[in-house]
Amino acid sequence: MKAVIMAGGEGTRLRPLTSNIPKPMMPLANKPMMEHIVALLRHHGFTEIVVTLAFLPQAIRTYFGDGSEFGVTMRYATEEMPLGTAGSVRNAMDELDERFLVISGDVLTDVDLTALVEYHDQTKAVATIGLRRVDDPVEFGIVITREDGTVERFLEKPTWGQVFSDTINTGIYVLEPSVFDFIAEGKPVDFSSDVFPALLEAGQPVFGKVMEGYWEDVGTLEAYSKSHQDVLDGRVEVAIEGFGLGDGIWLGEGAEVDPAARIDGPAIIGDYCRVEAGAHLRPYTVLGANVLVGADAFLEHTVVHDNTYIGPSVRLRGTVVGRSGDLRRGARCEEGVVLGDQCFVGEHAVLNPGVKVYPFKTVEPGAIINSSIVWESRGARHLFGRHGVAGLANVDISPELAVRVAMAYGTSLKKGATVVASRDSSRAARALKRAVMVGLNATGVNVVDLEAATVPLTRFQVRTARAQGGVTVRLLPDDAASVSIRFFDADGIDIDEGAQRKIERLFHREDFRRSFAADIGDIGYPARALEYYTAGLMQTVDAPAIQAARLKIVLDYSYGTASFTMPSVLAKLGAEVLAINPYASTSQAVAFDARSHAIEVARLVEVSGAHLGAVLDPDGERLTLVDDSGHVLTNDEALLAILSMVMARHPGAAVALPVAISRVAERLVDAAGGRIEWTKLSASDLMDKASGGGVAFAGSQDAGYIFPGFLPAYDATAALVNVLGLLAASGRRLSDVVHELPRVHVSHETVETPWEQKGLVMRTLVERNKDRPLVLVDGVKVLHEDGWALVLPDPDEPVTHVWAEGPTDGAARALAQEYARRMRQLLR
């Protein structure tokens, strides 16, 4: 006996979850609903199945194929126009030459189909309808039967005034082929409203049988959540994949649960999920495959579909999250929230009860959403941020995205151009760099591959090899789960905003240049790149003076690629070096914390009597210093100490500094007869000013230092060598330089600012301070008699930064808080 699965429904009441997939493919306990129906049919001996299709038919065909994987034989009948329940079955009548069973592919049930077929045979009916008693029959078709089981009348979705029975039509039928005589060809026909009444009028035997067991029409979002609860409570017999741990907890293959996480059953954790320390999964939580639940997240009565990232401290209650979702730190979704596929929810965003977010939408960080998002995103996501193209490895930055971004970059260059590529030592960067190289080659761009190398070495190779650009792929130092793809221009400097916009336009339009087979780019491996870098650096410092000083150094390589570069440089200087963490690690389990590394270096400096301690970040760009007394210099102290030594060595020199630097820097430069070129706070602008010529030194407040005589970009190796040269030339100890520095009193505040109000804030700030001196290099810097305040919108997040300097810590804090208070009043 054959069975027909009706699988043509669009599932409009289940949107936004069914916007991209047909309703029968909706996952229920981590399997498509229709797969549970197939398993039920096979259990009752139905091995020949015909599937009627309409909406997104290929999704079902692709998943089930010929049915052999599921122990059945499957054929398909696709309707070109909506034909109704009966019309869709008639569309498959060529396959149905004997009695057959009809069942919907989008219900959850474990009813006894064998008993229904036996009843049909006993009554010799033309049609037997599976019935079910329910508490609320209004949403269903009511069937009124006589004592002998024959059907008396039908009421399709009646009002309460028409409810004469609680027995409903389940959509499960056993039919004889003769019913096709009552179904018009090529027209929309429904079983309940058209065919069955016509059979009764013609005097044909139509019976109804109340079936025992569980049955639920998963037609609404509420029913979808309830069905998962019933599965976990064991009210319906369906197979749940995974290893049962007791207390109703199922753990999928390859799933990892930290011992410090808490799981309260019943719950399902899908294949290859990861639940981090401090996370709490409350009852009726279902995780699909490849879901990551971050530290201290809280999930209750929540269904999460495959490949979703749930960030640290996210809170989800009564929520359904579609496939490939991305919820960032502190996001919160309340009861009844539904997120479609591939939605992004920013940090600390709040979605209030009942909000529906349709697929591919973005909710900006900090947003409070009270109404559904159907057409427009609440905050656009830009491809480039402060770290280049950055995001979670294999979540935001997948190999597919890396190829497309690289093709957009390659298209922005001329065919036959050369790009230098590098990566850090992590496995994530290694995989993604290969994808980047594929994308570049596909556009006809050649790649010079440095493999694992520091960022400065990459920049140097771009300049010396006369390449047209560079790209590097690396983990973010402050987030070991995230990766960035950074692009350099022909000078080895971060590409400017104009180049970023061009790449972004090409990326979104997918307007990629595709080279013919003979024009595919090549891959080469440069010889002696490190030797040339070392020789170039040595030409810019007084190496004999450093050698004569016989300095003793404690140096932390931070498990980064600087461990490949620094030994070659130090060998030329004759310094005595105690190296720690002196190798590149392929897996960085935790974020890099320069301060904690520096504390260990400081201890070793004290016990060894070293002249200096230093921590190089894993990328080889930023430098943290420890003086000879074991004091870890703050970023402000280090910048001012280096600036003081540079000005003493090169009086009258020009330096480039960001506009948020302390007035102490101005006094140091003025006292030496020098000049400051003010820059934006972005590293790219600082590097651009440093590469313009005439600048002896440039530095930022985040441990990035530039000596343009060698390379106009951040380079921790070059910075350390130059510091050694300055100390050797002066004969002073670093602790003496630091001790002579005036104290810096700078305070920082942040104000949450919606994207659409940032312009208003800045315009109002300028208008209200028009009588004060203003510096408009980056943001609005308001000068006061004894200090200044800088207000600057964040380029990546819906916040505005406020920095302030005063004569004391208290005065600086009060000034920053005053400007923050004014901004909050304006926003209210």
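The values are calculated or read from the model by the stated rules, or taken from the named source; none is laboratory data. Quick caveat: nothing in here was measured; it's all calculated off a predicted structure. Note that each Cβ is placed from the backbone with ideal geometry, even for glycine, and that neighbours are counted across all protein chains shown. Keep in mind that these areas ignore ligands, DNA and RNA; they rest on the heavy atoms of the full protein, side chains included. Shrake-Rupley method; radii C 1.70, N 1.55, O 1.52, S 1.80 Å.
Axis of helix 221-232 versus longest Cα principal axis of the chain: the two differ by about 90°, to the nearest ten degrees. Expressed as a whole percent, the accessible surface of region 675-753 that belongs to carbon and sulfur atoms is 42, based on a 1.4 Å probe. Report, in whole Å, the centroid distance computed from the Cα atoms of region 482-547 and region 229-297. Answer, in whole Å: 45. Give the Debye-formula value of log10 I(q)/I(0) at each listed q (0.17, 0.19, 0.25 Å⁻¹), with one equal scatterer per alpha carbon of region 503-543, two decimals each. Each listed q corresponds, in turn, to -0.70, -0.72, -0.88. Counted over the chain, the DSSP beta bridges are approximately 40% antiparallel.
Between Pro205, Thr302, Val291, the Cα set farthest toward the positive side of the dipole of region 161-305 (charges on each charged residue's Cβ, about the Cα centre) is that of Thr302.
Highest mean packing first, where packing is the average number of other Cβ atoms within 10 Å per residue, the peptides 319-328, 507-516, 116-125, 32-41 line up as 319-328, 32-41, 116-125, 507-516. Beyond 15 Å, what percent of the Cα pairs of region 205-264 remain? Distances greater than 15 Å cover 66 percent of the Cα pairs. Rounded to the nearest 500, the 222 nm mean residue ellipticity of the chain from helices alone is -8500 deg cm²/dmol, with -39,500 (n - 2.57) taken per DSSP H run of at least 4 residues. Relative to the Cα centre, the charge distribution of the chain, modelled as +1 at Lys and Arg Cβ and -1 at Asp and Glu Cβ, gives a dipole magnitude of about 3100 debye. Computed from Cα atoms alone, the Kirkwood hydrodynamic radius reported for region 1-104 is 13.7 Å. Against the chain, whose longest principal axis comes from its Cα atoms, helix 427-442 is set at around 90 degrees. Report note on the peptides 94-105, 774-785: ranked by the mean count of other C-beta atoms within 10 Å, highest first, their order is 94-105, 774-785. For the listed peptides 468-478, 242-252, a ranking on the average number of other beta carbons within 10 Å per residue, highest first, reads 468-478, 242-252. Computed over the alpha-carbon pairs of region 643-753, the distance histogram in 5 Å steps reads 2, 11, 21, 24, 23, 11, 5, 2, 1, 0 percent, short to long.
For the chain, the relative contact order comes to 6 percent (Cα pairs under 8 Å, sequence separation of at least 6). Stokes-Einstein diffusion for region 528-592, with the hydrodynamic radius set to the Kirkwood value over Cα pairs and evaluated at 37 °C in a medium of 0.692 mPa s, equals 252 µm²/s. With a cut-off of 12 Å between beta carbons, the residues surrounding Ile310 carry a summed charge of +2, where Lys and Arg count +1 and Asp and Glu -1.
Here the Karplus curve 6.51 cos²θ - 1.76 cosθ + 1.60, taken at θ = phi - 60°, turns the phi angles of region 240-249 into couplings of 10, 6, x, 9, x, 9, x, 6, x, 10 Hz, with x standing for Gly and Pro. Taken over region 475-563, the convex hull of the Cα atoms encloses 208 Å³ per residue. Taking every protein chain into account, the accessible area of region 279-420 amounts to 36 square angstrom per residue (probe 1.4 Å). Per-residue 3J(HN,Hα) values for region 645-656, derived from phi via the Karplus relation 6.51 cos²θ - 1.76 cosθ + 1.60 with θ = phi - 60°, read 5, 5, 5, 5, 7, 10, x, x, 6, 9, 10, 10 Hz in sequence order (x marks Gly and Pro). Measuring max minus min along each principal axis, the C-alpha atoms of region 157-292 give extents of 68, 35, 24 Å (largest first).
Taking the Cα atoms only, what angle lies between the long axis of helix 594-608 and the longest principal axis of the chain, rounded to 10 degrees? Approximately 40 degrees, to the nearest ten.
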